[in-house]
């Protein structure tokens, strides 16, 4: 009888600890909820848009376009996913890397800033999203481009 009670208690501990871990793991992506929505930047160079949506409890997806006149100069599909305790930003750019995704694991997450890095990628090696005031968002890509450290900054407003 004592062995059955001990076994049942041990089983209950395992079940409850697994449930708590799963909940904590899926909570990590919630820190990026502020990305959800339609963002844009209009400039004389063209229109940049990023449209983020929640796919499920562990995945967000986005499309990013840069359009000048009637020409789409850049099109990118983005997936932000939580696998275990880690967030990963995966970008697929039309016409690059055989149209396969490049992963950028998160290196820092706060309520207002997300940083993803892949030092092995040619350019960029770092992608940062910063939540700004007045429904703004800054996306920044940094890395060595033709041997020179380069940063491109895109300030977008939520629509």
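Beta carbons closer than 7 Å, at least 6 apart along the sequence or on distinct chains, pair a first residue in region 69-98 that is over 22 Å from residue 45 (Cα atoms) with a second that is at pLDDT below 95 and surrounded by 10 or more Cβ atoms within 10 Å (Cβ to Cβ) for 82/25; 82/26; 82/28; 84/25; 85/25; 85/28; 87/28; 92/99.
In region 50-59, which residues are closer than 16 Å to residue 75 by Cα and either in contact with a helix residue (DSSP H, G or I) (Cβ under 7 Å, 6 or more places away or on another chain) or in contact (Cβ under 8 Å) with a residue 40 or more places away in the chain (or both)? Within region 50-59, 50, 52 qualify.
Against the test of being closer than 22 Å to residue 31 by Cβ and part of a loop (DSSP other than H, G, I, E, B), the options 139, 133, 62 yield a single qualifying residue, 133.
The values are calculated or read from the model by the stated rules, or taken from the named source; none is laboratory data. If you're wondering where the values come from, they're calculated on a predicted model, not measured in any experiment. FYI the Cβ positions are ideal-geometry reconstructions off the backbone, even for glycines, and counts take in every protein chain you see.
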